[in-house]
């Protein structure tokens, strides 16, 4: 009985001593075993393609971005100074440039080439433009309303013309040459003097009768 008790006591002492050693003595792990065995990937950048930005010489703080190459297409946004957009292609004659423009249908739009600067200039591919938009509503004119503003000239009767009576030209008889000579040969001054004397005499006679 005493031997069994000694064995149990010895075993318990060994266990307690082992636990004390584990709590007091630090355990150092092998540093090589903690390093990862995988290789760390390296970051490599993708080459940047041609981009467009607002030309500072254009004196424009922002330019319009349209759904197609031309002013007939709808305006879908703007491009401001300092903002860049990837250039994807150009129109047939090169006056419009297609850019990547997220947020619109298809993710692409167009800007006028005369208002932007193209970085990393290269030969951009020619891109077929989208179909030209058609107006949703065709303008019609109400004929009743239009008739109120149409002034049609009313025909007027021409004035009637009455022919004037025939012109009667009087016929003058020729004066005999002898009578004309007789009248022209009588002195007109003498005739006037005689008539004046007769008038004075008549006036004098009338004055005397009144007295």
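No lab work stands behind these numbers, since they all come straight from the coordinates. Quantities reported herein were computed from a predicted structural model and do not represent experimental measurements. All Cβ positions, even for glycine, are placed from backbone atoms using ideal geometry, and neighbour counts span all protein chains on display.
By how many nm would the segment from residue 193 to residue 55 grow when fully extended, if each residue of separation counts as 0.36 nm and the alpha-carbon distance is taken off?
Values: separation 138, 0.36 × 138 = 49.68 nm, distance 11.35 nm.
Taking residue 193 through residue 55 to full extension adds about 38.3 nm, to one decimal.
Which distance in nm do the two modelled labels at residue 74 and residue 132 give, with both placed 7 Å along the Cα-to-Cβ direction?
About 1.8 nm separates the two model spin labels.
Across all directions of projection, what mean area in square nanometres is found for the Cα convex hull of the range 51-119? Working shown, then result.
On the way: hull surface 16.9 nm².
That works out to 4.2 nm², a quarter of the Cα hull's surface.
Given the range 80-130 reduced to its alpha-carbon atoms as identical point scatterers, what log10 I(q)/I(0) does the Debye formula return at q = 0.14 Å⁻¹?
For the range 80-130, the Cα-only Debye profile gives -0.32.
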